[in-house]
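Here's the structure, in structure tokens; my notes come after.
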Amino acid sequence: MNLNQKIFMALQNSETGEVSNQTKFYYYQQDEIIWAEYSDGEILKGFLIGKWVNTSQIEFTYQHLNQKLENRLGRCVTTFEVENGKLVGTEHWQWLDTLEQGSSLIKEI
């Protein structure tokens, strides 16, 4: 799988998450390294960086500023599969400040 220049949106998220279906993720990839910028909805500006850990799974850290100007930081593992020709990612994440955990679903648009 290659995430370079793929755009994703969130389909669902846990209650303690800040990403919504308004948030867009712009992914890039160079070899095993992945990174993305994301924004919209509750997120003013966010960044993530990480790596592939196997052929369908990435792990990364993320950081963003939300609408309250709070700087949030967390980590995530995303497992991708292909559905109807589009990538779908199941994410398991954790905030590093509150240690709350959650899950979300993203889909390539």
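Values quoted throughout were computed directly from the atomic coordinates according to the rules given, and no laboratory measurement underlies them. Owing to the predicted nature of the structure, the values given are computational and were not obtained by experimental measurement. Here the Cβ positions follow ideal geometry from the backbone for every residue, glycine too, while neighbour counts run over all protein chains shown.
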Practice item. Filter the GluC sites (Glu not before Pro) in the range 1-61 down to the DSSP loop ones having no more than 10 other Cβ atoms within 10 Å, then list what survives. Key: 15, 32
Exercise for review: List, in order, the whole-Hz ³J(HN,Hα) value for each residue of the range 44-50 obtained from phi through the Karplus relation with A = 6.51, B = -1.76, C = 1.60 and θ = phi - 60°; use x for Gly and Pro.
Suggested key: 6, 7, x, 9, 9, 8, x
Practice item. Between residue 73 and residue 28, with labels modelled 7 Å along Cα→Cβ, what's the label distance in nm to one decimal, could you check? Key: 2.2 nm
Review point. Counting Lys and Arg as +1 and Asp and Glu as -1, what is the net charge of the other residues whose Cβ lies under 14 Å from the Cβ of residue 32?
Key: -1
Point to revise | Given charges at beta-carbon only (K, R positive; D, E negative), |dipole| of the range 1-55 in Debye | key: 140 debye
Exercise for review: Taking the Cα centre of the chain as origin, sum charge times position over the Cβ atoms of Lys and Arg (+1) and Asp and Glu (-1), and report the length of that vector in debye to the nearest 20.
Suggested key: 200 debye
**Study point:** Interatomic Cα distance distribution for the chain, bins of 5 angstrom, percent
**Key:** 3, 13, 24, 30, 19, 9, 2, 0
Review point. Can you pick out the pairs among 6/68; 24/86; 68/107 whose Cα atoms lie more than 19 Å from each other?
Key: 6/68; 68/107
